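Shown next, in structure tokens, is the structure this report addresses.
The values are calculated or read from the model by the stated rules, or taken from the named source; none is laboratory data. This structure is a prediction, so every number in the text was calculated from the model and none was measured. Every residue, glycine among them, receives a Cβ derived from its backbone with ideal geometry; neighbour counts consider all protein chains shown.
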Amino acid sequence: MIEDIKKETDKRMAKSVVALGQTFKKMRTGRAHTGLLEHISVSYYGSDTPLNQVANIAVEDARTLTVTPWEQPMVGAIEKAIMNSDLGLTPASAGTVIRVPLPVLTEERRRDLTKIVRQDAENGRIAVRNIRREAIHDLKDLLKEKEISEDEERRAEQDIQTVTDRHIADIDDISEKKQKEIMDF
């Protein structure tokens, strides 16, 4: 019972860290990377489909992405989806290839992005702490029902705190790397 709570807590905390990593992947830095466009949805025969499922996304150079649709009629829909995204990018099509140049980030924009990274990291830490709080609450319930002893409950709380500390350290590490990536020109 205690082991189930620990495993479930660890799994949920790991998912929070992965979700934060995915959020950071979408964030624009000075360099072009394919993760920037992967979350964009394109209208594909009436249904919204992720861009990476209707086209090949590649890095042409440090400041340019290329999107090559698998079907010629998708060029217009992909251009429209990129234009309407919150990234502020302007695609240019040349036949079947869409080039997406990334404008140079200003110093002020870089600082704003690092603030956003810090805020997202704090939200990730809060999510991990909430999972810890729920797990400890579950342990307290087991103690009230006399299914576990106080010593077992205390040891389990310490184990959960260790797991929490590990995941928060992971979040801090991911955040530091992203901030450094943004501030490097």
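Values as computed for the structure displayed
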{"read-out": "Positions within segment 116-126 being surrounded by fewer than 19 Cβ atoms within 10 Å (Cβ to Cβ) and hydrophobic (A, V, I, L, M, F, W, C), in sequence order", "value": "Ile116, Ile126"}
{"read-out": "Subset tally (residues that are hydroxyl-bearing (Ser, Thr, Tyr), part of a helix (DSSP H, G or I) and under 16 Å from Val67 (Cβ atoms)) for segment 7-48", "value": "1"}
{"read-out": "Residue that is farthest from Leu36 (Cα to Cα) [pool: residues in segment 57-66 that are exposed (fewer than 14 other Cβ atoms within 10 Å of the Cβ) and not acidic (Asp, Glu)]", "value": "Ala62"}
{"read-out": "Subset tally (residues that are over 23 Å from Val104 (Cα atoms) and polar (S, T, N, Q)) for segment 154-185", "value": "4"}
{"read-out": "Residue, surrounded by the fewest Cβ atoms within 10 Å (Cβ to Cβ), within segment 67-87, restricted to residues that are touching a residue at least 24 places away in the same chain (Cβ under 8 Å) and among the small types (Gly, Ala, Ser)", "value": "Ser85"}
{"read-out": "The listed residue being in a helix (DSSP H, G or I), over 23 Å from Val18 (Cβ atoms) and either among the small types (Gly, Ala, Ser) or at pLDDT below 90 (or both), out of Ala156, Ala135", "value": "Ala156"}
{"read-out": "Subset of segment 138-152 [outside any helix (DSSP H, G or I) and in contact (Cβ under 8 Å) with a residue 12 or more places away in the chain]", "value": "Glu147, Ile148"}
{"read-out": "Meets criteria (under 20 Å from the mean Cα position of the chain (by Cα), within 30 Å of Gln158 (Cβ to Cβ), surrounded by fewer than 17 Cβ atoms within 10 Å (Cβ to Cβ) and in the same structural domain as Ala169 (by TED's automatic domain parsing)) for Arg129", "value": "yes"}
{"read-out": "Matching residues, segment 141-185, being hydroxyl-bearing (Ser, Thr, Tyr), under 30 Å from Ala121 (Cβ atoms) and surrounded by fewer than 17 Cβ atoms within 10 Å (Cβ to Cβ)", "value": "Thr162"}
{"read-out": "Search result, residues across segment 94-109 that are of a type in the set (Val, Ile, Thr) and either exposed (fewer than 14 other Cβ atoms within 10 Å of the Cβ) or in contact with a Pro (Cβ under 8 Å, 6 or more places away or on another chain) (or both)", "value": "Thr96, Ile98, Val100, Val104, Thr106"}
{"read-out": "Criterion (in the same structural domain as Asp10 (by TED's automatic domain parsing), free of Cβ contacts under 8 Å to residues at least 24 places away in the same chain and among the acidic types (Asp, Glu)) met by exactly one of Asp165, Asp159, Asp172", "value": "Asp165"}
{"read-out": "Failed item, numbered, when Asp112 is tested on (1) of a type in the set (D, E, K, R); (2) modelled with pLDDT of 85 or more; (3) within 30 Å of Met183 (Cβ to Cβ)", "value": "(2)"}
{"read-out": "Boolean, Ala58 is aliphatic (A, V, I, L, M) and either modelled with pLDDT under 80 or part of a helix (DSSP H, G or I) (or both)", "value": "no"}
{"read-out": "Among the residues listed as Lys26, Lys6, the single one being touching a His at 6+ places or on another chain (Cβ under 7 Å) and either of a type outside the set (A, V, I, L, M) or surrounded by 18 or more Cβ atoms within 10 Å (Cβ to Cβ) (or both)", "value": "Lys26"}
